[in-house]
Amino acid sequence: MVLTGQDGFSADQARAFTATAQDFTFGVCAPGGTEAICTFDPGAVPKAMDVITPEGVSQATELDPTLGPVVIQPVTVP
């Protein structure tokens, strides 16, 4: 399951990401951040805020585009 912000004005209906958060966008990085993600193109990050991951899978790792293509792992919900 993937959670993102809704935006009724964009083609994909998902709120955009910018380098740091703005009034109507999510931030990829905190202001002044030095993590590798801070240098990544905000238009190329996955439009996801939150995911439910399988046991043993880090949410931060699963959504990190600096590690390669982002692939959301399936989760079985009983």
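The values are calculated or read from the model by the stated rules, or taken from the named source; none is laboratory data. Worth saying up front: this structure is predicted, and the values here are computed from it rather than measured. In this analysis, Cβ positions are derived from the backbone assuming ideal geometry, glycine residues included, and neighbour counts consider all displayed protein chains. Areas reflect the complete protein model, heavy atoms only, side chains present, ligands, DNA and RNA absent. Shrake-Rupley method; radii C 1.70, N 1.55, O 1.52, S 1.80 Å.
Here are a few things to note about the model shown:
- Residues of the range 11-24 that are surrounded by 10 or more Cβ atoms within 10 Å (Cβ to Cβ) and either of a type in the set (A, V, I, L, M) or assigned to a helix (DSSP H, G or I) (or both): A14, A16, A19, A21.
- T39 being surrounded by fewer than 16 Cβ atoms within 10 Å (Cβ to Cβ) and polar (S, T, N, Q): yes
Let's see how each residue does on (1) in a loop (DSSP other than H, G, I, E, B); (2) free of Cβ contacts under 8 Å to residues at least 12 places away in the same chain; (3) open to solvent by 90 Å² or more (accessible area, probe 1.4 Å):
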| site | (1), (2), (3) |
| --- | --- |
| F9 | yes, yes, yes |
| F26 | no, no, no |
| A30 | yes, yes, no |
| T34 | yes, yes, yes |
| K47 | yes, no, no |
| T53 | yes, no, no |
| P69 | yes, yes, yes |
| P74 | yes, no, yes |
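- Subset of the range 55-66 (residues that are assigned to a loop (DSSP other than H, G, I, E, B) and open to solvent by 60 Å² or more (accessible area, probe 1.4 Å)): E55, G56
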